[in-house]
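Down below is the structure, laid out as structure tokens.
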Amino acid sequence: MKRIVILGGGTGGTLTANRLRRSFDERDAEIVVVDHDADHVYQPGLLFVPFGLTSMQRIVRPRRQQFRSGISFRQAGIGRVDTGADRVHLDDGTALDYDVLVVATGARLLPGETEGLTGPGWLKSVFTFYTPEGAVALHRALERFTGGRLVVNVVDMPIKCPVAPLEFCFLADYYFRRRGIRDRVELTYVTPLDGAFTKPVCNRELSGLLVDKGIELVTEFNTGTVEAGPAGAGTAGSAASGAPGGRLISYDERVVPFDLAVVIPLHGGAAYVERSPGLGDELGFIPVDPSTLQAKARPNVFAVGDATDVPTSKAGSVAHFEGDVLADNVRRFLAGQELLAGFDGHTNCFIETGFGKALLIDFNYGTEPLAGHYPARLGLPLLRQSRLNHLGKLAFQQFYWHSLLPGRDVPGISSAMPARGKTRPRAQAAAGARGHR
Amino acid sequence: MPAVTYAGHSVAVNEEGFLVDPAQWTEDMAPQIAKSAGIDELTARHWQVIRFMRAEYQAKGTGPTVRVLGKTSGVSIKELYQLFPKGPAKTAARIAGIPKPRGCI
Ligand SMILES: Cc1cc2nc3c(=O)[nH]c(=O)nc-3n(C[C@H](O)[C@H](O)[C@H](O)COP(=O)(O)OP(=O)(O)OC[C@H]3O[C@@H](n4cnc5c(N)ncnc54)[C@H](O)[C@@H]3O)c2cc1C
């Protein structure tokens with residue numbers, strides 16, 4: 001009897017556990033998932049909470065219910081992993097031995113690493129929508145906001161779902177227009193990148209959208225300090241009294257003033273990774289082979305989802321496409337077979353642009369997001385705003401609970417990026433493009 | 001691809017001024033590249049960062065981002081910005097003759 005231990009029961013951990021449970025007889029392998037809490041949050045929904053378009057209640061489900069029968073779930077924090085002894089030490093003092101370990105503990109937000117970010121203004125005039133508490137508090141603050149400077153700031157990459165902060169800008173524009181106060185709100189997007197987004201074709205499209213919607217773009221801004229203004233900034237009272245707001249200050253001493261700041265904090269791997277010698281890199285992510293997902297630390301350790309160091313977006317869709325390859329490789333490893341270099345970096349994201357529209361991007365390690373259709377010529381339009389994509393984004397939540405987490409194969413949606421349906425740019429256009437980092 | 005002469009050797013650089021082939025780089029090219037990046041004099045602290053960038057590139061195939069530099073080079077992010085005001089990771093990589101750090105996507 002082999003034991004497969006999966007650390008983290010979020011998107012990647014859950015779908016991996018379910019896929020593995022289907023491919024192993026219960027007499028051959030035991031599957032144990034460890035997570036420190038009991039609620040599974042549909043994280044893409046957090047984007048909509050601040051605008052009252054959904055609520056926490058509608059995006060959280062019990063973690064246990066997402067696992068097939070025959071999977072054991074242990075609710076406990078993780079102390080450290082001893083890769084030399086094939087053993088995980090849990091916070092409750094017990095230990096779990098494994099034959100194969102899958103690290104799926106995602107990314108952790110590190111607001112404390114930016115000076116001033118968690119100071120007196122935190123959750124008063126400085127918010128994030130990347131946590132349930134933050135998204136709910138921001139909803140209340142937006143309802144009270146009657147005008148002023150709203151700044152959306154990404155402190156540094158990598159972050160989960162790198163398009164979410166842009167989507168937040170587009171939805172904020174839409175939200176203030178519906179409230180009839182858009183002319184009283186200055187919207188600014190402040191990014192450490194040298195453009196709205198990293199990939200050239202997509203960068204052009206998204207920069208254009210920012211311009212169309214009157215959202216100012218500040219690039220190459222490395223936030224060093226967040227100085228919060230007094231609480232209640234941006235409400236009718238503060239605007240009338242002319243109360244001074246807060247400021248983002250970059251390391252090279254540029255200043256962006258704000259009344260309300262929405263900050264995406266630094267991300268790192270789970271804390272126990274630092275306590276597990278050899279497992280992670282400087283930021284606590286797990287170095288893996290980008291196409292087999294086997295960890296560089298040990299052959300019997302794998303990683304999936306946001307926890308890895310693979311050079312693509314940290315997104316649920318990536319965990320989904322990886323899951324297929326990962327489950328197969330765990331099976332191969334235990335059978336003593338050669339691993340399959342099957343993961344091509346396939347990522348896709350719906351980008352909500354407001355007004356009931358969205359655009360869709362699809363890319364992998366070697367191909368940047370291009371125009372065309374997904375998954376084939378008659379599919380959803382790529383890199384173009386459409387009502388259909390918005391409906392796709394909304395439908396994604398049902399897909400998430402009922403197909404993605406159970407680890408079902410979906411006809412027509414393969415793990416590898418489809419090349420058909422995409423329009424290749426001319427070589428010349430590609431060579432002249434900027435914005436790669 | 002444009003060519004530039006540093007320390008008497010002609011090397012190919014890309015449109016942002018990064019050496020195309022890091023193997024062509026020698027330490028005596030650094031002061032001249034630094035000048036073109038607006039840094040008049042390379043101090044021992046600059047060199048600590050430049051050598052660290054080279055070593056990381058050799059070990060990992062990509063130069064570190066400013067956040068990783070701040071954690072691992074022994075020079076704080078604040079000081080990195082004093083040494084290389086126009087973006088430490090990018091400028092130090094260019095002076096060290098390695099490609100622009102990929103950063104993350
Ligand atoms: C605002 C927002 C919007 C997003 N929008 C999209 C989108 O539109 N499309 C998309 O594809 N992706 C989106 N994402 C990203 C997506 O949610 C993540 O990429 C995905 O959930 C990653 O899965 P994961 O399994 O790697 O990590 P997670 O799902 O985060 O799971 C990690 C699990 O590990 C557990 N854990 C962590 N540390 C420990 C520990 N020390 N001990 C025990 N357990 C631990 C956590 O409790 C958690 O359950 C969004 C994310 C955010 C925040």
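The values are calculated or read from the model by the stated rules, or taken from the named source; none is laboratory data. This structure is a prediction, so every number in the text was calculated from the model and none was measured. Neighbour counts run over all protein chains shown; Cβ positions are idealised from the backbone, glycine included. Remember, those area values only see protein heavy atoms, side chains included, never the ligands or the DNA or RNA. Shrake-Rupley method; radii C 1.70, N 1.55, O 1.52, S 1.80 Å.
Tabulated data for the structure shown
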item	result
Some residue of region B:42-50 being at pLDDT below 95 and out of contact with any strand residue (DSSP E or B) (no Cβ under 9 Å at 6 or more places or on another chain)	no
Which numbered condition A:Pro230 misses (of (1) in contact with a helix residue (DSSP H, G or I) (Cβ under 8 Å, 6 or more places away or on another chain); (2) at pLDDT 90 or above)	(2)
Qualifying helices (runs of 4 or more DSSP H) (wholly inside region B:4-76; at least 3 residues being over 19 Å from A:Asp281 (Cα atoms))	B:30-36, B:44-60
Subset of region A:351-367 [surrounded by fewer than 19 Cβ atoms within 10 Å (Cβ to Cβ) and touching a residue at least 60 places away in the same chain (Cβ under 8 Å)]	A:Phe355, A:Tyr365
Selection within region A:177-200 - in contact (Cβ under 8 Å) with a residue 40 or more places away in the chain and within 14 Å of another protein chain (Cβ to nearest Cβ)	A:Leu193, A:Asp194, A:Gly195, A:Phe197, A:Thr198, A:Lys199, A:Pro200
Where a residue in region A:288-317 is away from chain B (no Cβ under 14 Å) and within 12 Å of the ligand (Cβ to nearest atom) and its partner, wherever it lies, is open to solvent by 10 Å² or more (accessible area, probe 1.4 Å) and of a type in the set (D, E, K, R), with Cβ under 8 Å and at least six apart	A:Gly305/A:Lys314
Residues of region A:339-348 classified as open to solvent by less than 10 Å² (accessible area, probe 1.4 Å) and touching a strand residue (DSSP E or B) at 6+ places or on another chain (Cβ under 6 Å), total	1
Region A:29-43 - residue that is in contact (Cβ under 8 Å) with a residue 60 or more places away in the chain and among the β-branched types (Val, Ile, Thr) and, of those, nearest to the ligand (Cβ to nearest atom)	A:Val34
Filtered residues of region A:180-207 (kept if farther than 13 Å from A:Pro369 by Cβ and aromatic (Phe, Trp, Tyr))	A:Tyr189
Any hit, region A:314-323, residues being at pLDDT 95 or above and either outside the structural domain of A:Asp28 (by TED's automatic domain parsing) or surrounded by fewer than 20 Cβ atoms within 10 Å (Cβ to Cβ) (or both)	no
Region A:364-397, residues that are within 14 Å of chain B (Cβ to nearest Cβ) and either aliphatic (A, V, I, L, M) or within 16 Å of the ligand (Cβ to nearest atom) (or both)	A:Asn364, A:Pro369
Region A:133-157, subset within 13 Å of A:Leu109 (Cβ to Cβ) and open to solvent by 10 Å² or more (accessible area, probe 1.4 Å), residue nearest to the chain's Cα centre (by Cα)	A:Asp156
Some residue of region A:319-326 being part of a helix (DSSP H, G or I), within 14 Å of the ligand (Cβ to nearest atom), hydrophobic (A, V, I, L, M, F, W, C) and over 18 Å from the mean Cα position of the chain (by Cα)	yes
Qualifying residue in region A:15-22 (condition: away from the ligand (no atom under 16 Å from the Cβ) and either in the same structural domain as A:Ala104 (by TED's automatic domain parsing) or open to solvent by 10 Å² or more (accessible area, probe 1.4 Å) (or both))	yes
Filter result for the condition that a residue is assigned to a helix (DSSP H, G or I) and either open to solvent by 30 Å² or more (accessible area, probe 1.4 Å) or among the β-branched types (Val, Ile, Thr) (or both), over A:Val273, A:Val262, A:Val310, A:Val256	A:Val273
Those residues of region A:95-111 which are assigned to a helix (DSSP H, G or I) and within 13 Å of the ligand (Cβ to nearest atom), in sequence order	none
Only one of A:Tyr130, A:Tyr174 that is surrounded by 21 or more Cβ atoms within 10 Å (Cβ to Cβ), of a type in the set (Ser, Thr, Tyr) and away from every other protein chain (no Cβ under 14 Å)	A:Tyr130
Residue that is farthest from A:Gly45 (Cα to Cα), among those in region A:124-134 that are assigned to a loop (DSSP other than H, G, I, E, B) and within 16 Å of the ligand (Cβ to nearest atom)	A:Thr128
Residue list for region B:1-32, restricted to those being open to solvent by 60 Å² or more (accessible area, probe 1.4 Å) and of a type in the set (S, T, N, Q)	B:Thr5, B:Ser10, B:Gln24, B:Gln32
Selection from region A:346-360 of residues that are within 11 Å of the ligand (Cβ to nearest atom) and closer than 17 Å to A:Arg204 by Cβ	A:Cys349, A:Ile351, A:Leu360
Test result for A:Phe285, touching a residue at least 24 places away in the same chain (Cβ under 8 Å), closer than 29 Å to A:Phe363 by Cα and within 14 Å of another protein chain (Cβ to nearest Cβ)	yes
Residue in region A:276-287 that is nearest to the ligand (Cβ to nearest atom), counting only those that are of a type in the set (A, V, I, L, M) and buried (at least 24 other Cβ atoms within 10 Å of the Cβ)	A:Ile286
